[in-house]
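Only one structure is covered here, and it is reproduced in the block below.
The values are calculated or read from the model by the stated rules, or taken from the named source; none is laboratory data. Just so it is clear, the model here is predicted, and its values are computed rather than measured. We place every Cβ from the backbone using ideal geometry, glycine too, and count neighbours over all the protein chains shown. Just so you know, the surface numbers come from the protein's heavy atoms only, side chains and all, with ligands and any DNA or RNA stripped out. Shrake-Rupley method; radii C 1.70, N 1.55, O 1.52, S 1.80 Å.
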Amino acid sequence: MNEGIAVRWESVAFTELSLERLYELLKLRVDVFVVEQACAYPELDGKDTLAETRHLLGLDEQGRIAAYARILAPGVSYPQASIGRVIVAPSARGAGVAKPLMLEAIAIARQNWPAQGVQIGAQEYLKGFYQGVGFRPVSEVYLEDGIPHLDMLLDA
């Protein structure tokens, strides 16, 4: 198990990402969601470039992405704001980064859309983790790209 690592959080719009940082975050997303999880799906869905989308980067001491989440405006994926593409890089797993990542993403969603709740489409095996940061299940389990998921909501 990794010991804790220091992470510096940055919340940026798509237009604020350098080409190098964009490549790094897209590579991490593809490496985890497509390759590691053996799941062919449309990773580039057009939502990254929307003006209100926030990209939350957790950077390690060397400036590499240790954690990432995408925060979407209400009405893009769900009626509420939403958090998705939640990743802890393999090099940072076990270092206690996941909960701070979600708490930071929730704070950004609430700062940008304070009257809205936050909805996620969570992988079923992470249900307990998301409940631990305040989400509650609002759907039955369903298959998304062959992986069991459920919708979860954090009220406003």
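Residues in region 20-40 that are surrounded by 14 or more Cβ atoms within 10 Å (Cβ to Cβ), among the acidic types (D, E) and modelled with pLDDT of 95 or more: 1 in all. Residue pairs whose Cβ atoms lie under 6 Å apart, separated by 6 or more positions or on different chains, with the first residue in region 116-135 and farther than 23 Å from Q37 by Cα and modelled with pLDDT of 95 or more and the second basic (K, R) and not in a helix (DSSP H, G or I), do not occur.
Could you list all residues from region 80-100 that are open to solvent by less than 40 Å² (accessible area, probe 1.4 Å), closer than 15 Å to Y68 by Cβ and touching a residue at least 60 places away in the same chain (Cβ under 8 Å)? A89, A92, A95, V97, listed by residue number.
For V12, indicate whether it is of a type in the set (A, V, I, L, M), within 15 Å of the chain's Cα centre (by Cα), surrounded by fewer than 19 Cβ atoms within 10 Å (Cβ to Cβ) and modelled with pLDDT of 95 or more. When the stated conditions are applied, V12 passes them.
For region 107-125, what are the residues that are of a type in the set (A, V, I, L, M, F, W, C) and surrounded by 18 or more Cβ atoms within 10 Å (Cβ to Cβ)?
Across region 107-125, the qualifying residues are I108, A109, W113, V118, I120, A122.
Can you confirm whether R21 is touching a strand residue (DSSP E or B) at 6+ places or on another chain (Cβ under 6 Å) and under 14 Å from G63 (Cα atoms)?
no
May I ask you to verify whether E43 is at pLDDT below 95, more than 20 Å from I108 (Cα to Cα), open to solvent by less than 60 Å² (accessible area, probe 1.4 Å) and among the acidic types (D, E)? Yes.
A quick yes/no check of all residues on (1) farther than 27 Å from E36 by Cα; (2) of a type in the set (A, V, I, L, M); (3) modelled with pLDDT of 95 or more:
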| site | (1), (2), (3) |
| --- | --- |
| P100 | no, no, yes |
| L103 | no, yes, yes |
| Q111 | yes, no, yes |
| V141 | no, yes, yes |
| D155 | yes, no, no |
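Of the candidates T53, T49, the single residue that is surrounded by 14 or more Cβ atoms within 10 Å (Cβ to Cβ) and among the hydroxyl-bearing types (S, T, Y) is T53.
Taking the stated definitions as given, is R93 over 15 Å from R8 (Cα atoms) and modelled with pLDDT under 95? Steps first, please.
Values: over 15 Å from R8 (Cα atoms): yes; modelled with pLDDT under 95: yes.
So R93 fits the description; yes.
Suppose the filter is surrounded by fewer than 20 Cβ atoms within 10 Å (Cβ to Cβ) and either in contact with a helix residue (DSSP H, G or I) (Cβ under 9 Å, 6 or more places away or on another chain) or of a type in the set (A, V, I, L, M, F, W, C) (or both); does P137 pass it? So P137 passes the test.
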